[in-house]
1. Being buried (at least 24 other Cβ atoms within 10 Å of the Cβ) and at positive phi is true for just one of Gly134, Gly113, Gly127. Which residue is that?
2. With buried (at least 22 other Cβ atoms within 10 Å of the Cβ) and in contact with a helix residue (DSSP H, G or I) (Cβ under 9 Å, 6 or more places away or on another chain) as the only criterion, which of Ser40, Ser73, Ser64 stands out?
3. Among the candidates Leu225, Leu198, which residue alone is of a type in the set (A, V, I, L, M), crowded, with 24+ Cβ neighbours inside 10 Å and in contact with a strand residue (DSSP E or B) (Cβ under 8 Å, 6 or more places away or on another chain)?
4. Among the residues that make up region 8-23, is at least one of them touching a Gly at 6+ places or on another chain (Cβ under 9 Å), in a helix (DSSP H, G or I) and either surrounded by fewer than 18 Cβ atoms within 10 Å (Cβ to Cβ) or in contact (Cβ under 8 Å) with a residue 40 or more places away in the chain (or both)?
5. Please work out if Arg59 is closer than 27 Å to Thr275 by Cβ, surrounded by 18 or more Cβ atoms within 10 Å (Cβ to Cβ) and modelled with pLDDT under 95.
6. Just checking, which of Ile190, Ile213 is touching a helix residue (DSSP H, G or I) at 6+ places or on another chain (Cβ under 8 Å) and over 14 Å from His141 (Cβ atoms)?
7. Give region 245-263 a look and list any residue that's over 15 Å from Leu286 (Cβ atoms), touching a residue at least 40 places away in the same chain (Cβ under 8 Å) and either in a loop (DSSP other than H, G, I, E, B) or within 12 Å of the chain's Cα centre (by Cα) (or both), or say none.
8. In the set Ala242, Ala216, which member is over 16 Å from the mean Cα position of the chain (by Cα), touching a residue at least 60 places away in the same chain (Cβ under 8 Å) and farther than 22 Å from Asp114 by Cβ?
Amino acid sequence: MTLAPLPSDRRWPLAGQLLVSGGEVVADLTLVGVPAWRTSISPTGANATPAAVREALLRYSTYSTEHQIDLASLRMVDAGDIEDPDGPVGEKRVMTRLAHSKPHHGFLVALGGDNSITYSVALGIWGDKIAQAGLITLDAHHDLRDGESNGSPVRRLIEAGLSGSRVVQIGIADFSNSPEYAARARDFGITVISRASLRTRSMASVMAEALGIAGAAGGPIHVDLDVDVCDRAVVPACPAAAPGGISADELRQAAFLAGADRRVSSLDITEVDVTIDVPDARTVRLAALLVLEAAAGVASRNG
């Protein structure tokens, strides 16, 4: 999917132009593609999405009106894609690459790919701090399935040493999970904030609660933005999205709040299949805006 370029205007810098190449440059924020797709439960072309998100970043300016932040104040690096990130060998490649680059990347934004990347990205960032780490997911699903797929990263992280008591799942949807996996979430001690709960609570209050729980042990927090948490009308390129999910605006708020909190070290954006997006590219454009909201949050840390 190719988006028409914006008209050239020297007074209107484009967000995508802020990204410089290089994995060893010391950055405030680093973008890396993790185009996993082979173990997805549903057929997907999510491996094509990182490139599409980069292209969509050229549709937006560098300025947040709400927060009065110009992203030009950040050093933003595009570290490219990690090749073949699927399966045991690919996941090890992701972990090794991120562990090696950690001294340079600042806040990390990983572009999926399917939701399986949450496992390898989080482990690559946490390393030996997993016992103190925390995880926040915005997702319609628990991702506690058996096996190794885009439906299992949370279970796998807990089995690797993450405490379920520091996992918060926001937006869990009705009729999108099984009784057994819901029971597994309870058994693990996961805090679940359902989609229904969000009808009477602000995203700011929900994220404040989640950050407090996930950061209780003082370790790094990873935030997983599974875009299928949104209403299917706004994310047609998310195969598992259902009608009645959260709004695009709520997910954008969560991305900003994650970036703004110094306890959060990394974030992923997953489950967008660019190959099935609609002609106006609304899902990919939302994914690009999530990158920018997180970046604005990071910039606000210095405010």
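1. Details: Gly134 fails: at positive phi; Gly127 fails: buried (at least 24 other Cβ atoms within 10 Å of the Cβ).
One residue alone meets the criteria, Gly113.
2. Numbers: Ser73 fails: buried (at least 22 other Cβ atoms within 10 Å of the Cβ); Ser64 fails: buried (at least 22 other Cβ atoms within 10 Å of the Cβ).
Unique residue meeting the criteria: Ser40.
3. Details: Leu198 fails: crowded, with 24+ Cβ neighbours inside 10 Å.
So the residue among Leu225, Leu198 that is of a type in the set (A, V, I, L, M), crowded, with 24+ Cβ neighbours inside 10 Å and in contact with a strand residue (DSSP E or B) (Cβ under 8 Å, 6 or more places away or on another chain) is Leu225.
4. No, region 8-23 contains no residue that is touching a Gly at 6+ places or on another chain (Cβ under 9 Å), in a helix (DSSP H, G or I) and either surrounded by fewer than 18 Cβ atoms within 10 Å (Cβ to Cβ) or in contact (Cβ under 8 Å) with a residue 40 or more places away in the chain (or both).
5. Working: closer than 27 Å to Thr275 by Cβ: yes; surrounded by 18 or more Cβ atoms within 10 Å (Cβ to Cβ): yes; modelled with pLDDT under 95: yes.
It is true that Arg59 is closer than 27 Å to Thr275 by Cβ, surrounded by 18 or more Cβ atoms within 10 Å (Cβ to Cβ) and modelled with pLDDT under 95.
6. Details: Ile190 fails: over 14 Å from His141 (Cβ atoms).
Going through Ile190, Ile213 in turn, just one is touching a helix residue (DSSP H, G or I) at 6+ places or on another chain (Cβ under 8 Å) and over 14 Å from His141 (Cβ atoms): Ile213.
7. To start, the set of residues in region 245-263 that are over 15 Å from Leu286 (Cβ atoms) comprises 257-263.
Among the residues that remain, those that are also touching a residue at least 40 places away in the same chain (Cβ under 8 Å) are: 257-261, 263.
Across region 245-263, the qualifying residues are Ala258, Gly259, Asp261, Arg263.
8. Selected residue: Ala216, the only one of Ala242, Ala216 that is over 16 Å from the mean Cα position of the chain (by Cα), touching a residue at least 60 places away in the same chain (Cβ under 8 Å) and farther than 22 Å from Asp114 by Cβ.
The values are calculated or read from the model by the stated rules, or taken from the named source; none is laboratory data. If you're wondering where the values come from, they're calculated on a predicted model, not measured in any experiment. As a convention, Cβ positions derive from the backbone with ideal geometry for all residues, glycine included, and neighbour counts pool all protein chains shown.
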